[in-house]
């Protein structure tokens, strides 16, 4: 049995939509992003969505909460 975390279906798209709506990325969201980035089966569209989120954070467009 593998002890690696697995992404739920549509996790990245749901995270992207929620973050765009609320303008914040929670601690739980960041854990989800970290899990997604280590997932070797992540499709290119999902990886691009994550890259867009990270660029937006770097530019100050989203707030990090639960720090």
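Please determine, in degrees from 0 to 90 and to the nearest 10, the orientation of helix 27-37 with respect to the longest principal axis defined by the Cα atoms of the chain, where the helix direction is its Cα long axis.
Result, in degrees: 50.
Compute the long axis of helix 44-58 from its Cα atoms, compare it with the longest principal axis of the Cα atoms of the chain, and write down the angle in degrees, 0 to 90, nearest 10.
40 degrees
Give the residues of region 52-67 whose amide nitrogen is closer than 15 Å to a point set 7 Å from the Cα of residue 22 in the direction of its Cβ.
Only 62-67 pass the distance filter.
Take peptides 13-26, 51-64 and line them up by average Cβ neighbours within 10 Å, highest first, as a rough protection proxy. List each step's numbers first, then the result.
Working: 13-26: 15.0, 51-64: 12.7.
Per-residue mean Cβ counts within 10 Å order the peptides as 13-26, 51-64.
Relative contact order, percent, of region 11-64 when contacts are C-alpha pairs under 8 Å separated by at least 6 residues? Working shown, then result.
Working: 30 pairs, mean separation 28.8, N = 54.
Over region 11-64, the number comes to 53 percent.
So what are the three principal axis dimensions of region 27-67 from its Cα atoms, in whole Å, longest to shortest?
28, 19, 9
Please give the helix 11-22 orientation as an angle from the longest Cα principal axis of the chain, in degrees from 0 to 90, rounded to the nearest 10.
10 degrees
Values quoted throughout were computed directly from the atomic coordinates according to the rules given, and no laboratory measurement underlies them. Quick caveat: nothing in here was measured; it's all calculated off a predicted structure. Quick reminder, even Gly has a Cβ in these numbers, built from the backbone with ideal geometry, and neighbours come from all protein chains shown.
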